[in-house]
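No lab work stands behind these numbers, since they all come straight from the coordinates. Only a predicted model underlies this, so the values are computations on that prediction, with no experimental measurement involved. FYI the Cβ positions are ideal-geometry reconstructions off the backbone, even for glycines, and counts take in every protein chain you see.
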Amino acid sequence: MTDLLELAIAGLMSGLVIGLAALAVTLVFGIARFANAATGDTMTLGAYATLGGTAATGSLIAGGAIGILAGAAAGVIAYATVFRKLERRSPVAALLASIGVGFVIRAGLGLVYGHGQQVFQLPLVRPWRVWGIRIQPTDLEIAAAALATLAAVFLILHATPIGRQMRAVADDPDLARVSGIAPRRVMIALWALAGGVAAVAGCLLGIKTVVAPEMGWDMLLPAFAAAILGGIGHPVGAVVAGVLLGIAQETATPWVGFTYKIALSFAVLLLVLLVRPRGLFGRIEGVR
Amino acid sequence: MILSLEAVTGGYGEVDILNGIDLALEAGSILTVAGTNGAGKSTLAKAVVGLLPRVGGRIRLDGRDIVGLPAEERARAGIGYVPQVANVFPSLTIEENLAVVEGVADRRGRIGALLAMFPALAERRRFRAQSLSGGERQQLAFARALMTAPRVMVLDEPTAALAPSRVAESFERIATLARTGIAVLLIEQRARQALAISHRGAILDGGKVALAGPAADLLADETAARLFLGAG
């Protein structure tokens, strides 16, 4: 029982990371109307930028800020150079282009940093024992950072004019335009936000595990699965589904093994698409 | 003339739906545009507000050609639009539907004034628009379009989604708009009722103006009545 609870806590941690990645996916899908396959590699970029920023400044918080800025910048640059030109094309064209953008980011990182694994040099701390359950202080910090990021995103979406405009564009782009909302400004804000969120997810994943050029790409399937399970285009749904998926993956490890736990995401993805395509929170038409 | 259309053509893709439309609208007046399904009425509305992908000819707002102006800039320049369907942001609250509009000088004051004008909305200001009835949605759509204090309102079949008991109220609201000095371009299937509150009317057929003139003359025109106005 204790082992299972420890696995559930580990699942909660990885679920928060998946939830953040799924949030980045669903934000783009809800507003730009396509599945952005470059989300995983933007996570990786954020992890490497945080690593570099931490080394340069000596502060993980300053490094994290640099990582977020790098992710946001990558999102805006990808929009300006690629996705803006595909706005009137089919979502499939944008999806394929995003695979290309992801590949460019991954290849660039491999070229600069090599394909070896890197780690965040953090001080070793003893785990706490609460009722016999081991809890890593680092996990609590990761959870706090993830929750703070989620709070910031939801604050931006619900309590700022640009967030309101993003939700309006997600509801109805044409009605937004005839309401005086300039789509370009909204799209730049969206890509900066989605890139920043993906970077935080990558940074937290890097702290929890290792930093390598493929780390984000490997997270793409769970992120897509969570975005679909939560109801594509639904930010709250993406986060909740990410946490559920993370817990399910980790607690399934004793039965399916570490290597195959990722297959659980694929199974969830298929099951949701077959049984409840609108996901847990989504409406029938899909985009909130 | 506050709004004038000169030889306006356009459509989606390669095919023209509008085939050279000339219309003019004065401040404080209502121009009803009627016609059969597929005549180009809604396409005309989209051409005026900037949502039609391909438009030719000239559309002048206060003498300025706005054909090249994007929809968001036309909204800020003084063109309000109430689409036939999907006329509110369903996931935003009533208050957010109004607050999200750009190009408003005194946003808070304007929201207060519009909620006072529509008390049913004021009571439910924190409710999501998706929870509203058809009539309440239309009130919200009007309020949203009025946020920018427009000089021209383009209304695309505003009575289409209303219960019959609400139709007269909706036409009265439109007449009130015109009395405040707003020019109203009214696309409407209920042509007789619309012409009854209008100053002028135009009947589209095949993307062209088949008949146009003072509303009273059109109502009295036997050909128009037989071919286009129906029993409505």
Worksheet, complete the sentence: Treating only Lys and Arg (+1) and Asp and Glu (-1) as charged, each at its beta carbon, one finds that the protein assembly as shown has a dipole about its Cα centre, in Debye to the nearest 20, of 420
Worksheet item: To two decimal places, what compactness ratio does the protein assembly as shown give when its Cα radius of gyration is scaled by 2.2 N^0.38 Å?
Response: 1.16
Worksheet item: In sequence order, what are the phi-derived ³J(HN,Hα) couplings for segment B:187-204 according to the Karplus relation 6.51 cos²θ - 1.76 cosθ + 1.60 with θ = phi - 60°, rounded to whole Hz, with x for glycine and proline?
Response: 8, 8, 7, 7, 4, 5, 5, 5, 5, 5, 9, 9, 8, 9, x, 9, 10, 8
Discussion item. If you fit an axis through the alpha-carbon atoms of helix A:39-57 and take the longest principal axis of the Cα set of chain A, what angle between them do you get, 0 to 90°, nearest 10?
Written reply: 60
Fill in: All lysines inside 27 Å of residue A:208 as judged from Cα atoms, apart from same-chain residues fewer than 8 positions distant
A:261
Fill in: Against the rule of thumb 2.2 N^0.38 Å, how large the Cα Rg of segment A:134-288 comes out
1.15
Worksheet item: Which of B:123, B:73, B:188 moves the most in a Gaussian network model of chain B with Cα springs under 10 Å?
Response: B:123
Worksheet entry | Peptide A:163-174 - average C-beta neighbours from other chains (10 Å radius) | 5
Worksheet item: When chain A is treated as a GNM, springs tying every alpha-carbon pair under 10 Å, which of A:65, A:94, A:182 comes out with the largest mean-square fluctuation?
Response: A:182
Fill in: DSSP bridge pairs, the protein assembly as shown: antiparallel proportion in percent, nearest 5
60
Practice prompt. State the percent of C-alpha pairs, over all pairs in segment B:55-179, separated by a distance greater than 25 angstrom.
Written response: 24
Item to complete: Report the calculated FRET efficiency for residue B:126 and residue B:165 (r = Cβ-Cβ distance, R0 = 30 Å), to the nearest 0.05.
Response: 0.65
Practice prompt. Would you kindly calculate the mean projected area, averaged across all directions, of the convex hull enclosing the Cα atoms of segment B:1-83, in square nanometres?
Written response: 5.2
Fill in: Cα long-axis angle, helix A:2-32 against chain A (0 to 90 degrees, to the nearest 10)
20
Worksheet item: Going highest first, how would you order B:171-182, A:108-119, A:197-208, B:23-34 by mean Cβ packing within 10 Å?
Response: A:197-208, B:23-34, B:171-182, A:108-119
Item to complete: Just tell me which lysines come within less than 21 Å, Cα to Cα, of residue B:208; anything on the same chain fewer than 8 places away is out.
Response: B:41, B:46
Item to complete: Calculate the spin-label point distance for residue B:27 paired with residue B:196, positioning each point 7 Å from the Cα along the beta-carbon direction, and give it in nanometres.
Response: 3.0
Practice prompt. Quick one: which residues, 5+ away or cross-chain, put their amide H under 5 Å from the amide H of residue B:201? H built at 1.01 Å from N.
Written response: B:32, B:213, B:215
Discussion item. Just to check I understand the Karplus step: with θ = phi - 60° and J = 6.51 cos²θ - 1.76 cosθ + 1.60, what whole-Hz values come out for segment A:102-117, glycine and proline as x?
Written reply: x, 4, 4, 4, 4, 5, x, 5, x, 5, 6, 9, x, 9, x, 8
Item to complete: Take every residue in peptide B:41-52, count the Cβ atoms of other chains within 10 Å of its Cβ, and give the average of those counts.
Response: 1
Item to complete: Taking only Cα atoms and a 10 Å spring cutoff, compute GNM fluctuations for chain A and point out the largest among A:128, A:217, A:191.
Response: A:128
Worksheet, complete the sentence: Between the Cα axis of helix A:183-208 and the main Cα principal axis of chain A, the angle (0 to 90°, nearest 10) is 10
Item to complete: Report the charge-dipole magnitude of segment B:33-148 in Debye, nearest 20, computed about the Cα centre from +1 at each Lys and Arg Cβ and -1 at each Asp and Glu Cβ.
Response: 140
